[in-house]
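Single-structure report; data block below.
None of the figures in this text is laboratory data; all of them are computed from the coordinates on show. A quick note: this is a predicted structure, and the numbers were derived from the prediction, not measured. We place every Cβ from the backbone using ideal geometry, glycine too, and count neighbours over all the protein chains shown.
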Amino acid sequence: MGAVEKYACMALVTEMTVVVLCGVLTRYVTKGQLPWSAELASYSLAWTTFLGSALVMDRKGHLAIEALVQWLPPSLRKIAQIVSYLVVLASLAIFVLAGFELVLRTKDQLSAAMRIPMAWAYLSIPLGSLFMFVHSFEQFLTLLVGRGE
């Protein structure tokens, strides 16, 4: 599933670059402005942040305090890792549920410049969190069956 996040992030960063460049050129060359460019770039950044976090989660690239785990006796290391995964999974489950609640509450609210439902912008939170949850759950299961760290 990491490929989905990878290509989505690549497309979003490309889109953000083009939109911001067009906004800057319009402002300085024609002395006009594209009122939607900053809004679109901002929403795209939110999507890139959450999908990029899921991609990093898939690659086990998030910050971890390995030194603390390594100081533990071998018998406690796996328990510490299990507890760590359970905390992460619980946190992500809250993000998913609260994020979908936010999406539902904002489905009728329109953005200022583009006049699109704000739910589309906020959907990045539960969807990115859901992808992170899936990646973490896969890694958790791998740890439990003994092929983990």
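At q = 0.13, 0.17, 0.21 Å⁻¹, what log₁₀ I(q)/I(0) does region 2-144 have when each alpha carbon counts as one equal point scatterer in the Debye sum?
-0.70, -0.97, -1.22
Taking the dipole about the Cα centre of region 1-61, with the C-beta of Lys and Arg at +1 and of Asp and Glu at -1, give me whichever of Met10, Cys22, Gly52 is farthest to the positive side.
Going by the Cα projections, it comes out as Cys22.
Per the helix-only calculation at 222 nm, which mean residue ellipticity applies to the chain, given -39500 (n - 2.57) for every DSSP H run of n ≥ 4 and division by its residues, nearest 500 deg cm²/dmol?
Working: 6 runs with 114 residues, N = 149.
Helices in the chain give a 222 nm mean residue ellipticity of -26000 deg cm²/dmol.
Contour minus end-to-end for Ala38 and Leu143, with contour as 0.36 nm per residue of separation and end-to-end as the Cα-Cα distance? Don't skip to the answer; put the middle values down first.
Values: separation 105, 0.36 × 105 = 37.80 nm, distance 4.30 nm.
Result for the pair: 33.5 nm of gain on full extension.
Against the longest principal axis of the chain, how steep is helix 37-58, in degrees 0 to 90 to the nearest 10, with axes from Cα atoms?
Roughly 20 degrees, rounded to the nearest 10.
Calculate how steeply helix 2-29 sits against the longest principal axis of the alpha-carbon atoms of the chain, using the helix alpha-carbon long axis, and give the answer as 0 to 90 degrees to the nearest 10.
So the inclination is approximately 30 degrees.
Can you tell me how much longer the chain between Val18 and Thr30 gets when fully stretched, taken as 0.36 nm per residue apart minus their C-alpha distance, in nm with one decimal? Intermediate values should be presented prior to the final figure.
Working: separation 12, 0.36 × 12 = 4.32 nm, distance 1.69 nm.
Taking Val18 through Thr30 to full extension adds about 2.6 nm, to one decimal.
May I ask you to order 40-48, 84-92, 24-32 by the average number of other C-beta atoms within 10 Å around their residues, highest value first? Show your work: numbers first, answer last.
Working: 40-48: 18.9, 84-92: 15.4, 24-32: 10.1.
The most tightly packed comes first, giving 40-48, 84-92, 24-32.
Run the numbers for Leu45 and Lys78: contour at 0.36 nm per residue of separation, minus the present Cα-Cα distance, in nm.
Numbers: separation 33, 0.36 × 33 = 11.88 nm, distance 3.61 nm.
Going from the current span to full extension adds 8.3 nm.
Rounded to the nearest 10 degrees, what's the angle between the helix 124-144 long axis and the longest principal axis of the chain, both from Cα atoms, 0 to 90?
20
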